[in-house]
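Structure first, then comments.
The values are calculated or read from the model by the stated rules, or taken from the named source; none is laboratory data. Because the structure is a prediction, the values reported are computed rather than measured. With ideal geometry, Cβ positions are generated from the backbone for all residues, glycine too; neighbour counts draw on all protein chains shown. Accessible surface areas use protein heavy atoms only, side chains included; no ligands, DNA or RNA. Shrake-Rupley method; radii C 1.70, N 1.55, O 1.52, S 1.80 Å.
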Amino acid sequence: MILSAVLASCVLQCAEVTPLKFERTRIGDAKVIYEAASVCDVNNDGALDIVSGEYWFEGPEFTTAHKICDVAYQSEYHDDFCDYPMDVNGDGYVDIVTGGWFCARLAWRENPKGGTGLWKTHVIDDACGNVETVRFWDVDGDGHVEIVPNAGGRVAYYTLVRDAEGKGAGKFAKHVVKPDGCGHGLGFGDVNGDGRGDFIIPDGWIEAPEDRAKGAWIFHPEFKLGAASVPILVHDVNDDGRADLIVGQAHNFGLDWYEQVLKDGVRSWVKHSIDPTRSQYHDMALADIDNDGRLELITGQRYRAHNGNDPGERDPIGLYYFKNKGGLWERVTLDYGPATHASGAGIYFWVADVDGNGWLDIVAPGKEGLYLFKNMGPVK
């Protein structure tokens, strides 16, 4: 099914009208209801593919599905809370890094060199704790991302061991930043402007030392963000030269930004609302979706995040981007309605120019289905 976001907004009687045209296509059948997805070239044929849960969908049409593996299903959840492409073993083919809540482990799935056979699963850490989801940031500043799960009430990161040529060696080194008391929500970015990325957790930020692997990380308990999104975004919202925070309430109503204020060397945080009317903003990303040279906030509702037990879980779901106008935000609706007809954002969505037309697209997974929103540029 293909539907422009403009038409969808009119049909569903939403207040906003998008200035961009999106074509919405469901990928896979009714069984493809995983909450994570990514975009990468699985078989090295030059065309981008979509990976979600048990399958990869061959681009550019995404109508042919190839089985990767079996993913355990429990209590309405598939135990697959991220699908990140990374060449772990250095063979020139991207593998998939994943994490699970119920299995409480991190793992990577080995790409059979673009073949159509099942992928072998390798354990990275089977004692990391229940994995809410996973993020990938360059923690040590070497130009390569680390694996950072929101798991086990701690902050830890995993560095891919590389050979002399810089290729992945198929194993990881674990570094614990804070062993406990970290809660639901995780972010990363340079809070204090020293050029090093710091970690954000719901009750404060963790300052990076010069030697991230061996130095002591310093915890600053400066705020209370609640059951926060993963990620918590670090971004200078009001262009004052200081990093602010953008936070969704993953299991309640609310989307806010926290302004960093420095006065006489003392740091404080001022909360500003972006959208108080919708719930379960669990995943989010910053990207220039309309090619105006500024980053937009892309997010949406995670459908049935707690199987119907969160505030607002029975409300219509939606996918949105927000334009930042000096700290004031304008919501643009790409999709909105009941889960039988509309898409949210899942727990791990992906933004990429899938079709190569110069406009960023959105791959939105969830219990409601896997959707590709192809950005066709300005409405004409």
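What the table shows:
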quantity: Single unsatisfied condition, Ile96 versus (1) open to solvent by less than 40 Å² (accessible area, probe 1.4 Å); (2) in a loop (DSSP other than H, G, I, E, B); (3) modelled with pLDDT of 95 or more; calculated: (2)
quantity: Residue ID - nearest to Lys214 (Cα to Cα), chosen from residues in the range 170-184 that are in a loop (DSSP other than H, G, I, E, B) and open to solvent by less than 50 Å² (accessible area, probe 1.4 Å); calculated: Cys182
quantity: The range 203-221, residues that are among the aliphatic types (A, V, I, L, M), surrounded by 18 or more Cβ atoms within 10 Å (Cβ to Cβ) and either in a loop (DSSP other than H, G, I, E, B) or at pLDDT below 95 (or both); calculated: Ala208
quantity: Selection status of Asn291, open to solvent by 10 Å² or more (accessible area, probe 1.4 Å), among the polar types (S, T, N, Q) and within 18 Å of His251 (Cβ to Cβ); calculated: no
quantity: Residue that is nearest to Asp198 (Cα to Cα), among those in the range 223-244 that are out of contact with any His (no Cβ under 8 Å at 6 or more places or on another chain) and assigned to a strand (DSSP E or B); calculated: Val234
quantity: Filter pass, Val354 being among the β-branched types (Val, Ile, Thr) and not in a strand (DSSP E or B); calculated: yes
quantity: Filter pass, Gly366 being part of a loop (DSSP other than H, G, I, E, B) and open to solvent by less than 10 Å² (accessible area, probe 1.4 Å); calculated: yes
quantity: Qualifying residues in the range 332-347 (those that are touching a Gly at 6+ places or on another chain (Cβ under 9 Å) and not in a loop (DSSP other than H, G, I, E, B)) - the one nearest to Asp361 (Cα to Cα); calculated: Leu334
quantity: Residue match in the range 301-319 (condition: closer than 15 Å to Asp361 by Cα, of a type in the set (Ser, Thr, Tyr) and in contact (Cβ under 8 Å) with a residue 24 or more places away in the chain); calculated: no
quantity: Subset of the range 247-276 [part of a loop (DSSP other than H, G, I, E, B) and within 21 Å of Gly326 (Cα to Cα)]; calculated: Gly254, Ile274, Asp275, Pro276
quantity: Within the range 307-349, tally of residues that are among the hydroxyl-bearing types (Ser, Thr, Tyr) and surrounded by fewer than 14 Cβ atoms within 10 Å (Cβ to Cβ); calculated: 1
quantity: Residue selected from the range 272-287 under the condition under 17 Å from the mean Cα position of the chain (by Cα) and open to solvent by 20 Å² or more (accessible area, probe 1.4 Å), by the criterion nearest to Pro338 (Cα to Cα); calculated: Ala285
quantity: Candidate set from the range 185-202 (those that are hydrophobic (A, V, I, L, M, F, W, C) and open to solvent by less than 20 Å² (accessible area, probe 1.4 Å)); member that is nearest to Ala151 (Cα to Cα); calculated: Leu186
quantity: Residue that is farthest from Asp283 (Cα to Cα), among those in the range 123-169 that are touching an Asp or Glu at 6+ places or on another chain (Cβ under 9 Å) and assigned to a loop (DSSP other than H, G, I, E, B); calculated: Lys167
quantity: Residue count, the range 114-169 (criterion: charged (D, E, K, R) and either modelled with pLDDT under 95 or surrounded by 15 or more Cβ atoms within 10 Å (Cβ to Cβ) (or both)); calculated: 7
quantity: Residue in the range 222-230 that is within 17 Å of Trp137 (Cα to Cα) and open to solvent by less than 20 Å² (accessible area, probe 1.4 Å) present; calculated: yes
quantity: Check on Gly300, within 19 Å of the chain's Cα centre (by Cα), at pLDDT 95 or above, surrounded by 23 or more Cβ atoms within 10 Å (Cβ to Cβ) and in a loop (DSSP other than H, G, I, E, B); calculated: no
